[in-house]
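What follows is a short report on a single structure.
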Amino acid sequence: MIQHDFMLAEPFPHLVLDNFAPEATLRAVAAGFDCVSPDAWVRYDDTDERGKSACNRVEAMPLACRDFIAALSSQTAAKLCEWITGIDCLQPDATLYGGGLHVTERGGFLGVHLDNERHPQTGLARRLNLIVYCTEGWQEEWGGHFELWDRACTRPVKKIAPLWNRAVLFETSAHSFHGHSEPLNCPADMRRKSVAVYYWSEPRARARFFARADDAHDAAKEAARLARSHA
């Protein structure tokens, strides 16, 4: 059961979805990266994040990218994420804060980190990240693996290759340490492309309880836990 797989995934709740989008749709999205004006990209080059560029200006994107992001940012998508994750009252973000189109070049990396907890404009709490990888022909030996680290941030428990048309949905929390910390070893003319959208909700009013890894999935109990955390 997909909900069970998400909740009990280690080292924190996540789901890997291959063949995520129609092939023609994603090819149009991938091609659209090259149509974005250079001045619409923000580049990151510092100690913990290098060789990465991002664009969250929807108006600067070609139609294929705009439509794809609109679909992922729809209320229908948010409701589907609620069903998968058990996190209720999810809201997409029209501002694409921190999201949008992401590109990392050869030698680039993103250090292990925790995401921001609050949206700077709405004050909503960040709950879920959805990342869709869209470099056709990406080879696993080129690196760029999405790393999920343990709660002590001492080692990666899981590494997920950023293969074409693969999506990763994961919960953001105080222990969802992640990144792609090894510099990319791809050819100079290749780039690690991804589309990222995030889902938000009102901050929890009370503690959020979770099932143990060896507990049987109980949808009613999980719903009660969620309701209690927002009471």
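The values are calculated or read from the model by the stated rules, or taken from the named source; none is laboratory data. For clarity, every value in this text was computed on a predicted model and none was experimentally measured. Quick reminder, even Gly has a Cβ in these numbers, built from the backbone with ideal geometry, and neighbours come from all protein chains shown. In case anyone asks, the SASA skips ligands and DNA or RNA and just uses the protein heavy atoms, side chains included. Shrake-Rupley method; radii C 1.70, N 1.55, O 1.52, S 1.80 Å.
Surface exposure of the chain, expressed per residue as accessible area with a 1.4 Å probe, stands at 49 Å².
Suppose the chain between ASP48 and GLU202 were pulled fully straight at 0.36 nm per residue; how much longer would it get relative to their current alpha carbon spacing? Value of the extension gain: 52.5 nm. Here the chain is assigned +1 on the Cβ of each Lys and Arg and -1 on the Cβ of each Asp and Glu. Its dipole about the Cα centre then comes out at about 500 debye. Given R0 = 41 Å, the distance between the Cβ atoms of ASP218 and CYS35 translates into a calculated FRET efficiency of 0.30.
Just the protein heavy atoms count here, and of the accessible area of the chain at 1.4 Å, carbon and sulfur take up 53 percent. Taking all protein chains together and rolling a 1.4 Å probe, MET7 ends up with roughly 30 Å² accessible. Just tell me which lysines come within less than 29 Å, Cα to Cα, of LYS193; anything on the same chain fewer than 8 places away is out. Counting by Cα, and skipping residues close in sequence, LYS193 has these lysines nearby: LYS52, LYS79, LYS158, LYS159.
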